[in-house]
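Enquirer: Dropping the structure in here first, questions after.
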Amino acid sequence: MNTKLSLLLGSCLLLAVAACGPQPARTASSSHSARLTRAPAVPAPPSATPSPSPSAQPVPAPPPPPLAVVKSPNGMVDATTPDGTFVWSFDPRTLAIADPELVTGGPNLLAYGEGKVVVVNRAGAVIGHGQYTAQRDGTYRDVFPAPTGMRWAWTTLDTTPVTGTATPAPQVSSLWVAGVGQRPTRVRTWTGDYEVTARQWSDAGIVIVKMTVTCGLNPRSSALVDPTRGVETALFGAGRWPLDVGAGLSVATGVNDASVYVIGTARITRTYPLPVQRAGVDRSGRRLFVSTFGEQGCGGQKKAATSVITVASNTQTTIDGFFADAWLDDEHLLGRSLVTHPAGGFDWSSRVRIADLSGHESDLVMGKLVGVLQPQSA
């Protein structure tokens, strides 16, 4: 019985499986974590703008050009670029100084008078005010701006001159400085039978001249004065008027002289057919101009000329009929042309003119040159 029963049950199980049909396979499970495989790198498409080389440096923007400041015939003060484009203009009467004197220093314009100073920047905006002092007699001397254009220097005669005596009384002169936010400060005082006057605030110090006043002005000596400590360093000796100091050079002319004397990084002496009236060292110290003017020939015909000296070689070129007043940059001069009349007499041209080192001239702007405003970073 048991054997027959077992055979019967096995047959029933086989028939049941056949009736249900085939079963789907089961997905095997994994006991370990799945790992992601990184796909092979695909080269990036080329960039439309190549990346700069690590050694490449950005090209700096060119510095802004110097500006020529002129006083127009209508009294306005104008600033122009070297190509004659007007940048700004203003009426100096708005500065609350009656008929102010105008002078440039570095990037700024100074207007001064009546003991007041107004500082105007390259954009034509007022950026500061200051003061300067009068002499004992109540009059004011000229103000000389520092190379930054934010400070200025002047001298005063602190005693009343006594005339008509056999022995001149000692005179007291003082050198002062002030600035935007800085009240007048006395730097140094001199006592002697001479007066002291300032001539320039250079990159080497304040230029002063000790002079006697007899039949005219006679320089006894000149010096550089440190504007902070008041220390005095000799410059030129007797009979020499300093004309310009800068970039390691000092230039002077003699009394009623047609010679120019250069000391410093070079020593040069030159004599001209006309009296020396003005000179200027360029910002690099490589060149200087010498402007001459006077009578020449029979009948005393007026003539002007500007010589440009290359310092290293002590060679020069001359621009006839042109009188340079200032350097615009190291390659161009600003000045005037002499206009003579057939019937006699002469006039200066009504326009500021620009000349290159080859002597080529052209008109820049109508008016009288005040000075040059240098870039702020210069």
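Enquirer: Past 29 Å, Cα to Cα, is the threshold; run Lys116/Lys303; Lys116/Lys368; Lys71/Lys210; Lys302/Lys368; Lys210/Lys303 against it and keep the listed order. Kindly include the intermediate steps, with their values, before the conclusion.
Expert: Values: Lys116/Lys303 38 Å; Lys116/Lys368 23 Å; Lys71/Lys210 32 Å; Lys302/Lys368 20 Å; Lys210/Lys303 31 Å.
Checking Cα-Cα distances, Lys116/Lys303; Lys71/Lys210; Lys210/Lys303 exceed 29 Å.
Enquirer: Right, next: In whole Hz, what ³J(HN,Hα) sequence does the stretch 240-248 give by Karplus (6.51, -1.76, 1.60; θ = phi - 60°), x for Gly and Pro?
Expert: Result, ordered by residue: 10, 9, x, 10, 6, 9, x, 6, x Hz.
Enquirer: Quote to one decimal, in nm, the extra length available between Val339 and Asp142 on full extension: 0.36 nm per residue of separation minus the C-alpha distance between them.
Expert: Values: separation 197, 0.36 × 197 = 70.92 nm, distance 2.98 nm.
Between Val339 and Asp142, full extension yields 67.9 nm more.
Enquirer: Another question about this same structure. Taking other Cβ within 10 Å of each residue's Cβ, how do Tyr112, Tyr194 sort, fewest first?
Expert: Numbers: Tyr112 24, Tyr194 20.
Lowest count first: Tyr194, Tyr112.
Enquirer: Ordered by residue, what ³J(HN,Hα) values in Hz, to whole numbers, does the stretch 63-78 give under the Karplus form 6.51 cos²θ - 1.76 cosθ + 1.60, where θ = phi - 60° and Gly and Pro are x?
Expert: Along the stretch 63-78, the couplings run x, x, x, x, 10, 8, 9, 10, 9, 6, x, 7, x, 6, 9, 10 Hz.
Enquirer: Taking 0.36 nm per intervening residue step and subtracting the Cα-Cα distance, what contour gain separates Arg220 from Lys368 on full extension?
Expert: Numbers: separation 148, 0.36 × 148 = 53.28 nm, distance 3.27 nm.
Length difference between fully extended and current span is 50.0 nm.
Enquirer: Given H placed on each backbone N at 1.01 Å, which residues far from Gly128 in sequence or on other chains put an amide H within less than 5 Å of it?
Expert: Val119
Enquirer: Right, something else. Only counting other Cβ atoms within 10 Å, I'd like Thr228, Thr148 sorted with the fewest neighbours first. Provide the component values of the computation, followed by the final result.
Expert: Working: Thr228 10, Thr148 14.
Exposure proxy ranking, most exposed first: Thr228, Thr148.
Enquirer: Calculate one ³J(HN,Hα) per residue across the stretch 215-228 by plugging θ = phi - 60° into the Karplus curve 6.51 cos²θ - 1.76 cosθ + 1.60, and present them in order as whole Hz with x for glycine and proline.
Expert: Values, residue by residue: 8, x, 9, 10, x, 8, 5, 9, 7, 9, 10, 5, x, 9 Hz.
Enquirer: Also, I was wondering about something else. Working out 0.36 nm times the residue gap between Asp83 and Glu295, then minus their Cα-Cα distance, what length gain in nm do you get to one decimal?
Expert: Details: separation 212, 0.36 × 212 = 76.32 nm, distance 3.33 nm.
Length difference between fully extended and current span is 73.0 nm.
Enquirer: Within the stretch 201-235, whose backbone N sits under 11 Å from a point 7 Å along Cα→Cβ of Val255?
Expert: Residues 211-221 qualify, since their backbone N sits under 11 Å from the label point.
Enquirer: Now for a different question. Scan around Val87 for amide H atoms under 5 Å from its own, H built in the peptide plane at 1.01 Å from N, and keep only partners 5 or more places away or cross-chain.
Expert: Ala79, Thr80, Thr81
Enquirer: At R0 = 41 Å, how high is the FRET efficiency between Thr269 and Ala56 if r is their beta carbon distance? Nearest 0.05 is fine.
Expert: With R0 = 41 Å, the Cβ-Cβ based efficiency is 0.25.
Enquirer: Order the peptides 287-295, 269-277 from the highest to the lowest mean number of other Cβ atoms within 10 Å of their residues. Please list the in-between numbers first.
Expert: Values: 287-295: 21.9, 269-277: 15.2.
Ranking, from highest mean packing down: 287-295, 269-277.
The numbers here are math on the coordinates, done by the rules we state, and not lab data. Computed from a predicted structure; not experimentally measured. Please note: Cβ atoms are built from the backbone with ideal geometry, for glycine as well, and neighbour counts cover all protein chains shown.
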